[in-house]
Amino acid sequence: MVFIYIPPENSIFYSNQNTTNGIDILEEALFEVESLYDNCEILMAGDFNSRTSELNDFVTEDKPNYIPGLQYIINNDHDSKSFITQCKRSNKDKITNNFGRSLIQLCCAKDLYILNGRKHNDRDGEFTYMCANGASVIDYIISSYNIFRWISHFSVLSVDLSKHLPISCCLDIPVSGHVENGEEYCNEKQIRFKWNSNKAQLCKDLIVNPTSLAGLNDILELIDSNTNDAAKALVSHLQNICTEAGLLSCHNKSSERAINNQEWFDSECVSMKRKKCKLLNDFRATSNADILQEYVKTKQNFNKLCVTKQKQHKENKKTELCNIAKTGDSCKFWKLIKSVISKSNIPRSNISSEEWKTYFSDLLNPEIIDKDVNFSEFVDNFVQAHNTECDLCIDENFSYLDNDLALIADTPIDLQRRLNNLEKYCEKWNMTINMDKSNIVVFKNGGKLSKNEKWYFNNEPLKVVSYYKYLGIYFSNRLKWTYCCKTLRMQCEKALNMIKHCMCKLGTRDINLGFKLFDSMVAPILYYGAELWGTEKVKDIETVQNKFCKWLLGMGQKTNNHIARGECGRHELYINYVCKPIKYFLHLQCMDDNRLPKLCYRMMYKMNENGRLNWCSKVQRLLFSNGFGVVWESQSVGDAKLFYIYLNRDLQI
């Protein structure tokens, strides 16, 4: 639990800091906390001086098979968090500032969620700060997901003790029981009973034995004289009989709490800890001053030993990682990285890698897949499916099809005609479409929709949107890629946060190690879809590497980007993703003429010749500006590998 005050922008506080952004300082502090406490939950409250408007504090997740590398950073419990992402955060303050945008990025990277405007009595996102200049929302309570579930109440109180209004929340944290003495509870052995069915007859014999029945007869004689005392005695006697019988017919297993020591906590640390605890117990029993002095000295030595062991362990891990990285053994490298990263972020499985390989080798056997399906095999499987008792599963399989469909038209009337044809097709085959996910994008240079730009399906209006996501790429109604690249940058924040967390646990900011992880985990996400948008330099994409360079070097965020990249020995990412459109251009030339991508390319090529700027125009400009105009003129290249080598060399100049 952290209570925070972040000085406002342009405060004199930042004159002695490496950064002018208070959120960056907060992020560094959180990294230190996470390196000390694995899998910790975070609750932050205070004055952040950040105005966030209604910006989403979560990243729109894509299916892992769309964007390479994303499957490693999506949490396993993403579905259970859907109620947070579906609940839009409200905010009466519609203004954002630099700190607000940085705070949103921090929330996205660390899976933190803002309570304001989302919980209980603050559904509207009330103002938290009021002065003569106006009102704003700058005071927040922010929590991780597990704590978010326990928040039973949140509100902004109408108590004007200062310019800031108090914010209140209530946590209902589940507790197994009331603990009077924490130390005794921690040391208590946990006893579990397990019924032994082989001793069932023994239990019956113990209950109906003559001694037990004799005691019952004595109690029954008291009923006439004192009914209440007889009832209490009867209940107590039955309880004793059942308890005794149960203990004899069950076996118990007592176990102490497992001690999950860190890897660096070796036998020397255990021995020193035992000595420290013994001295503490001796002092509490005798109150001897000499024992107290010895205990204090032993405790100091124990703390120093732990720090030394921890540093030595981190140094050994770092050295091992660097050595493995030099040898190029990817298997050992990533195995060691997974052992360093918090276990909660890694999908765990008891299945060995050999079993995975054997299973999918048999499943994806090309001899079986390419084998023709004969009619008898089809009939046998169809009969087998109908003979099963899982009728519901069969109905589900035959009723729902996961197919994507895109309708493209030049005019509103033509699009409505296509929708009508789709409606007839669905009616004929008893099918339907998901109206919630069916949207329309009108590609135009701006302006409002005209009156006739409305479309219907089954007499229900279809929603017209400005952006639509298809296979992980956001398409804009103005055919701009700004929002798409911004989304990719936000998705990279989680992977970047994982890298920083790993390096903080190792106690290093080694440049070579950092960028090996960056190129493996972050770059594939950043470059996704660059075949379409990668023809120009994108600021959002470059910002990710620039900030990471400054973090590795411990520089302020206002440091010149060229200096930071130069110290790290890195070029702009533009050199990498600008090659993707050119590679795709050459790939299109190898396609058959009847392929849809090839037909679309031919249309754009003719438009480009007639003066219409499009994707072909940008690829043409790229080739000519780098001295490879002959490739465009001939629409082909001889040695592709040699061409890419020379292209990459010229881009680096």
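Only one of MET604, MET521 is assigned to a helix (DSSP H, G or I) and touching a residue at least 24 places away in the same chain (Cβ under 8 Å). Can you tell me which?
Values: MET604 fails: touching a residue at least 24 places away in the same chain (Cβ under 8 Å).
Selected residue: MET521, the only one of MET604, MET521 that is assigned to a helix (DSSP H, G or I) and touching a residue at least 24 places away in the same chain (Cβ under 8 Å).
Output the number of residues of the range 624-653 satisfying the condition of being of a type in the set (S, T, N, Q), in a loop (DSSP other than H, G, I, E, B) and surrounded by 13 or more Cβ atoms within 10 Å (Cβ to Cβ).
At the first step, the residues of the range 624-653 found to be of a type in the set (S, T, N, Q) are 625-626, 634-636, 648, 652.
Of the ones still in play, those that are also in a loop (DSSP other than H, G, I, E, B) are 626, 635-636.
Checking which are surrounded by 13 or more Cβ atoms within 10 Å (Cβ to Cβ) leaves us with 626.
The qualifying residues number 1.
Just to verify a result, which residue in the range 90-113, among those that are of a type outside the set (D, E, K, R) and under 16 Å from the mean Cα position of the chain (by Cα), is surrounded by the fewest Cβ atoms within 10 Å (Cβ to Cβ)? Walk me through how you get there before you give the answer.
The first filter runs over the range 90-113 and keeps only residues of a type outside the set (D, E, K, R), leaving 90-91, 95-100, 102-109, 112-113.
Narrowing further to those that are under 16 Å from the mean Cα position of the chain (by Cα): 104-109, 112-113.
Values: ILE104: 23, GLN105: 20, LEU106: 22, CYS107: 22, CYS108: 22, ALA109: 22, LEU112: 22, TYR113: 22.
That would be GLN105.
None of ARG595, ARG621 is assigned by TED's automatic domain parsing to the domain that holds SER636, surrounded by fewer than 16 Cβ atoms within 10 Å (Cβ to Cβ) and over 24 Å from ILE645 (Cα atoms) except ARG595. Suppose the filter is free of Cβ contacts under 8 Å to residues at least 60 places away in the same chain and of a type in the set (D, E, K, R); does ASP540 pass it? Judged against the criteria, ASP540 is a match.
Conditions tested, residue by residue: (1) free of Cβ contacts under 8 Å to residues at least 24 places away in the same chain; (2) touching a His at 6+ places or on another chain (Cβ under 8 Å); (3) surrounded by fewer than 16 Cβ atoms within 10 Å (Cβ to Cβ).
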position: ASN439; (1), (2), (3): no, no, yes
position: LYS444; (1), (2), (3): no, no, yes
position: GLY447; (1), (2), (3): yes, no, yes
position: ASN452; (1), (2), (3): no, no, yes
position: PHE457; (1), (2), (3): no, no, no
position: GLU460; (1), (2), (3): no, no, yes
position: VAL464; (1), (2), (3): no, no, yes
position: LEU479; (1), (2), (3): no, no, yes
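Does CYS331 fit the bill of being more than 37 Å from the chain's Cα centre (by Cα) and either outside any helix (DSSP H, G or I) or surrounded by fewer than 16 Cβ atoms within 10 Å (Cβ to Cβ) (or both)? When the stated conditions are applied, CYS331 does not pass them.
I'm trying to understand the selection: among the residues of the range 465-512, which are under 29 Å from SER35 (Cα atoms), within 23 Å of the chain's Cα centre (by Cα) and of a type in the set (A, V, I, L, M)? Matches in the range 465-512: LEU488, MET490, ALA495, LEU496, MET498, ILE499, MET503, LEU506.
Selection of first residues in the range 145-160 that are in contact (Cβ under 8 Å) with a residue 60 or more places away in the chain and of second residues that are buried (at least 19 other Cβ atoms within 10 Å of the Cβ), restricted to Cβ pairs under 7 Å at least 6 apart or on distinct chains, gives the following pairs, ordered by first then second residue: TYR145/ASP111; TYR145/TYR113; ILE147/LEU43; PHE148/TYR113.
Yes/no matrix, rows are residues, columns are (1) at pLDDT below 70; (2) assigned to a helix (DSSP H, G or I); (3) within 30 Å of LYS500 (Cα to Cα); (4) not assigned by TED's automatic domain parsing to the domain that holds SER35:
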site	(1), (2), (3), (4)
SER349	yes, no, yes, yes
TYR359	no, yes, no, yes
VAL379	yes, yes, no, yes
ASP395	yes, yes, no, yes
ASP414	no, yes, no, yes
ASN420	no, yes, no, yes
ASN430	no, no, no, yes
ASP436	no, no, no, yes
LEU449	no, no, no, yes
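Do we have LYS480 as basic (Lys, Arg) and not in a helix (DSSP H, G or I) here?
Details: basic (Lys, Arg): yes; not in a helix (DSSP H, G or I): yes.
So LYS480 fits the description; yes.
When we screen PHE302, PHE283, PHE265 for residues that are surrounded by 12 or more Cβ atoms within 10 Å (Cβ to Cβ), outside any helix (DSSP H, G or I) and either modelled with pLDDT under 85 or under 39 Å from the mean Cα position of the chain (by Cα) (or both), the only hit is PHE265.
Within the range 116-135, the set of residues being assigned to a strand (DSSP E or B) and either touching a residue at least 24 places away in the same chain (Cβ under 8 Å) or surrounded by 15 or more Cβ atoms within 10 Å (Cβ to Cβ) (or both) comprises TYR129, MET130, CYS131, ALA135.
Filter the range 136-154 down to residues that are of a type in the set (A, V, I, L, M) and in contact with an Asp or Glu (Cβ under 7 Å, 6 or more places away or on another chain) and give me whichever is surrounded by the most Cβ atoms within 10 Å (Cβ to Cβ). Talk me through it step by step, then tell me what you get.
Restricting attention to the range 136-154, the residues satisfying the condition of being of a type in the set (A, V, I, L, M) are 137-138, 141-142, 147, 151.
Now restrict to residues that are in contact with an Asp or Glu (Cβ under 7 Å, 6 or more places away or on another chain): 137-138, 147.
Details: VAL137: 27, ILE138: 21, ILE147: 20.
Going through the qualifying residues, I end up with VAL137.
The values are calculated or read from the model by the stated rules, or taken from the named source; none is laboratory data. Because the structure is a prediction, the values reported are computed rather than measured. We place every Cβ from the backbone using ideal geometry, glycine too, and count neighbours over all the protein chains shown.
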